[in-house]
Structure formats: C-alpha cells, structure tokens
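The values are calculated or read from the model by the stated rules, or taken from the named source; none is laboratory data. Remember, predicted model here, so these are calculated numbers, not experimental data. No Cβ is skipped: glycine too gets one built from the backbone with ideal geometry, and neighbour counts run over all protein chains shown. Calculation scope for accessible area: heavy atoms of the full protein, side chains included, ligands and nucleic acids excluded. Shrake-Rupley method; radii C 1.70, N 1.55, O 1.52, S 1.80 Å.
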Amino acid sequence: MEGDVMDKLEAMATVCDFDPITGSIPATKVEITVSCRSLLDRDTFSKSDPLVVLYTQGVECKQWREFGRTEVIDNTLNPDFVRKYILDYFFEEKQNLRFDVYDIDSKSPDLAKHDFLGQVYCTLGEIVGSPASRLDKPLGGIPGKACGTIILSAEELGNCRDCATMKFCANKLDKKDFFGKSDPFMVFYRSNEDGTFTICHKTEVVKNTLNPLWQPFSIPVRALCNGDYDRTIKVEVYDWDRDGSHDFIGEFTTSYKELCRGQNQHNVYEVVNVKKKIKKKRYINSGTVSMLSFSVESEHTFLDYIKGGTQIHFTVAIDFTASNGNPSQSTSLHYMNPYQMNAYAMALKAVGEIIQDYDSDKMFPALGFGAKLPPDGRVSHEFPLNGNIENPYCNGMEGILEAYHQSLKTVQLYGPTNFAPIVNHVARYAAAVQDGSQYFVLLIITDGVISDMAQTKEAIVNAAKLPMSIIIVGVGQAEFDAMVELDGDDIRISSRGKLAERDIVQ
C-alpha cells in the first residue's frame, strides 16, 4: 500500500460510489498542469527558481488552505512543471483556487523566506470551461509590475489504475558540450485534442556521456495517455546545462500501444533534430533511444483495501518534553484552559475524528514520550497515558483526551525529544501482520526539534516496508525543518545509505 494515509483519507471522502444516505454525487477527478511565462527575475546572477503553490478555499469557512506545491525548476522564467494537482471537480459548486508563484532561494519550506513572484485567482470551472480547458491569466499581486502569465490546463482523468514501469538507454547522442560530452535527460509529453502537448515526466540527468542509461521509472498510464493507447507521446532529449538553457538534442514520437511491446526493434527510436535535418544534407539522426524493459501493473487504492476489510489501528504519541512549558502556566502548550482546548487536544481531535471512523473497535493505544515517570523519576520515551503498561488502550477520542489530562497531573515534563522508540513501538505491531488485513497509523504531536534524528530516520526507513504510516503534527512556534525533512515529499529519506521504500510520513 503506497502513499500517505492523510492523502488517502481525503481521497476517501470522494469515493466514486453513489451514497444513497448522503446523496452525494461522485466527483470527476481533474488533473491541473501548470506553466508560467515571462516571470519576474529576482536572482542577481542567474534566473529565478520558480515553484507554484495552490490554495483551495473551504466551502463554509472561506479560509485559504494550501493544497500542494509543484517541484522547483532551477534557472528559468518559463517553467513547465511536471508535478500536477489532482482535484475533485464538482460541476454544481464554485471551487475557488489561488495560485502563488515563488522564487525559491533555500531548502526552507517556509514561504516567507522566499521571493514572491505573483499570484492569480480563478475557479476550477473557469479552467475547465476555457477553450481546450486551457486558461492563460496574467499574474498580479506586485503593484506596478508585470509579473508574467500563468497557464493552467485541465484534463479529466480516466479511471485507469494501471502503472507502467520502463527503462531506456540512448546511443551515440550528439555532443553538445564544448568540453566533455553531453549530460542527457529526456522529457515525455502526452498530446492533447487541440494539437498541444502536456509534460508528464522528466528523467534524471546522466552526466558526461553520449550513451546514457537512465534509471527505470514508473508512471500512471493515465498520465501518459489517459486511457487512449493510440494517443501520440512525444519524447524530447536535452543536454542539461547548469544555467537552465538546456540544449535540444532531438525528439521522437511513440504511443502507449508501441511502448507496450517492450524491448524489440519497434522500440528503438531515431532522435531527430529537425533544424539540423533541414540544414545538413547528409544528416541521419542525433542518436537513438532504445527501450530496455517495460512492465505494467494495476495499482490498488487505499479504498480497495478498506472495502476489502483492512482494519486501521490508530496510535497516538504525545510530546511531554520540558520545551512545551510548565503545564500550570497559561503560556504552556499543555496548559489546561477550562474554556478552550490546548494545541495538543485540538490536533488530537482534528486527526483522530477522521481516522476513528475506520477503526472498528474504537480502542486506541495512547503513549507519551520525554517525561519522568513516578514513582522513581525514570525518563521514558514510550509510556502509556493511562498508566497501564499491560493495556495502553483508551476508549475513543474522549478516552484519549481524558488519559492525556490525567497523565499531565502525574508525570514531570523532561526530555530529550526522541521519536525513534515510538516509531519502533508501532513498527513491531505492524511487522507482525503483513497480510494486508491491518494497517497502522501513528500520530505524533510535538512542539518541534527532534533530538534523535539519525535513529528516527533509521526507524522510518525500516518501517517504510511495513503496513504503517506516520502523521506528525507540529504545535507551537518552534523550528519544524526536521519534520519537513522526515516527510520525504521532495527528497526521499535515507539511513545508512538505504532509501525508504515509500514516503510514509505526512
């Protein structure tokens, strides 16, 4: 089971089954592709490194919530982003969207630390309803400056669940670099009804070779051709340059139907540069690209497992380190205000209320870490909130909140902030049932800085092959950079040279 549980739980809210009780109509899934043209240049010595953030608006509260981010593309004012947004489209609702563009200057996830390049407001209906479902809009938000334009294309996603894995190599590509050989990479595009192309995959760059061997990659079939196996797929081959002005080597076209044939003479393609062909009489090609392997398998969604009877086990872990502040003082994150819930209780309720619907017995183990326990004051990084080592289970959300309140009265906040013992605790249970019948979700609520980062990474890498996911909620004002590193969205986490099999932290 791949992916992040929270994403999956959100997806479950829009199951493609008509529910006679609520009467909700199933939504269409729409994929939004983003490009920008003529962005502002904020970098002194090179071009901007743009990223686009999508915000959606809640129906009731009208609050803007971050939905997702594209990848960062270095040194370009005209980016075509590969990472898509997949949204549920409700014909009968006005779905407000906001796209903010930033120039990314550091690894920090905090958008305030990067240069703002402009924004645009629109609705999902506006994109879908534009000619060929392609909306061009000028970016605004910086008074007195032309910020360029954003291009938003929408395509309804077919319900094909297949995922294709393929591997390519190239032979005798053109040498583009003055010193040394080329640094080739490939870009895959699918064709659209109106003759335009949409980017759908970029390979990695293989340095200094005219005969590159690229890593195998997996891509949903619907991303490549959206269920139309004869649809043209265009592949461009480039020589990578540090400054973003990648040199075009050549291109070829194929289709999913062709690619399915796997390694054979049909899947050896001549890479052609049309401009060169016109200029040079004796030009044949700029090299060849060959497919080395092809396989396809159907992906099961989290919902398939839930329908098939998978039980979700939900474990809560709460941070009892001294950096939270003295619980008897109102400045503490653990302060028990009789009139309102503290940050920990709010986080517990928000995540727990969604997950408890998928747990049949509603009994949840609740643990604390980073405190000194009575009677002897030993420090523990995995103690039961209800004080019962034999049975740490609490009954429902109410039971967890009650055990949390009780433990605050008996334990002493201490430290350090160690995550690994809690992660390993749940992993031991997950390791015992790997037949798909049970899935374990660990919610860690913490005020920030992790003390045992190396051990935690190792624990997560080991847990990534188990049926478990980890949700980390940060409360308070601390630095959360370490949490973002654990959430391997951009860079998959690794430990001792071993990469996590999948990204299990959200």
Residues of segment 158-214 being buried (at least 17 other Cβ atoms within 10 Å of the Cβ), more than 27 Å from the chain's Cα centre (by Cα) and closer than 23 Å to residue 263 by Cβ, which ones? 170, 173, 210, 212
What is the one condition in (1) within 18 Å of residue 326 (Cα to Cα); (2) within 28 Å of the chain's Cα centre (by Cα); (3) open to solvent by 20 Å² or more (accessible area, probe 1.4 Å) that residue 417 does not satisfy? (3)
Say whether the condition of being buried (at least 21 other Cβ atoms within 10 Å of the Cβ) and at pLDDT below 95 is met by at least one residue in segment 427-439. yes
Being without any contact (Cβ under 8 Å) to a residue 60 or more places away in the chain, assigned to a helix (DSSP H, G or I) and open to solvent by 60 Å² or more (accessible area, probe 1.4 Å) is the filter here, so list the residues in segment 385-414 that pass it. 398, 402, 406, 409, 410
Considering only strands (runs of 3 or more DSSP E) wholly within segment 166-277, the ones with at least 2 residues that are without any contact (Cβ under 8 Å) to a residue 60 or more places away in the chain and within 22 Å of residue 132 (Cβ to Cβ) are 184-191, 232-239, 247-255
Quickly run through segment 465-480 and pick out the residues that are of a type in the set (A, V, I, L, M) and either surrounded by 22 or more Cβ atoms within 10 Å (Cβ to Cβ) or touching a residue at least 60 places away in the same chain (Cβ under 8 Å) (or both). 468, 470, 471, 473, 475, 478
Can you spot a residue in segment 72-94 that is crowded, with 17+ Cβ neighbours inside 10 Å, in contact with a Phe, Trp or Tyr (Cβ under 8 Å, 6 or more places away or on another chain), over 23 Å from residue 483 (Cα atoms) and polar (S, T, N, Q)? no
In segment 261-294, residues that are among the polar types (S, T, N, Q) and open to solvent by less than 30 Å² (accessible area, probe 1.4 Å) total 4
With the checklist (1) closer than 19 Å to residue 186 by Cα; (2) within 28 Å of the chain's Cα centre (by Cα); (3) open to solvent by 70 Å² or more (accessible area, probe 1.4 Å); (4) not aromatic (Phe, Trp, Tyr) in hand, flag the one item residue 297 doesn't pass. (1)
Would you say residue 454 is aliphatic (A, V, I, L, M), without any contact (Cβ under 8 Å) to a residue 24 or more places away in the chain and open to solvent by 20 Å² or more (accessible area, probe 1.4 Å)? no
Can you pull out the residues in segment 428-456 that are of a type outside the set (Gly, Ala, Ser), part of a loop (DSSP other than H, G, I, E, B) and under 25 Å from residue 401 (Cα atoms)? 447, 449, 450
Among (1) modelled with pLDDT of 90 or more; (2) of a type in the set (Gly, Ala, Ser); (3) under 25 Å from residue 111 (Cβ atoms), which single condition is residue 488 missing? (1)
Can residue 221 be described as among the β-branched types (Val, Ile, Thr) and in contact with a strand residue (DSSP E or B) (Cβ under 7 Å, 6 or more places away or on another chain)? yes
Taking segment 428-461 and keeping residues touching a Leu at 6+ places or on another chain (Cβ under 6 Å) and farther than 19 Å from residue 372 by Cα leaves 430, 431
Residues satisfying the stated conditions in segment 38-59, i.e. within 25 Å of the chain's Cα centre (by Cα) and loosely packed, with under 15 Cβ neighbours inside 10 Å: 58, 59
Could you list, ordered by first residue, the pairs with Cβ atoms under 8 Å in which the first is in segment 481-506 and open to solvent by 30 Å² or more (accessible area, probe 1.4 Å) and the second is assigned to a strand (DSSP E or B), at least 6 apart or interchain? 487/472; 487/505; 492/499; 506/469; 506/470; 506/471; 506/472
Looking at residue 352, is it of a type outside the set (A, V, I, L, M) and without any contact (Cβ under 8 Å) to a residue 60 or more places away in the chain? no
Is segment 345-354 home to any residue that is assigned to a loop (DSSP other than H, G, I, E, B) and loosely packed, with under 15 Cβ neighbours inside 10 Å? no
Among (1) in contact with a strand residue (DSSP E or B) (Cβ under 9 Å, 6 or more places away or on another chain); (2) open to solvent by 10 Å² or more (accessible area, probe 1.4 Å), the one test that residue 316 misses: (2)
All but one of (1) touching a residue at least 12 places away in the same chain (Cβ under 8 Å); (2) open to solvent by 30 Å² or more (accessible area, probe 1.4 Å); (3) within 32 Å of the chain's Cα centre (by Cα) hold for residue 361; which doesn't? (1)
The lone exception for residue 462 - which of (1) modelled with pLDDT of 90 or more; (2) in a loop (DSSP other than H, G, I, E, B); (3) open to solvent by 20 Å² or more (accessible area, probe 1.4 Å) it fails: (2)
Among (1) under 22 Å from residue 341 (Cβ atoms); (2) more than 34 Å from the chain's Cα centre (by Cα), which single condition is residue 395 missing? (2)
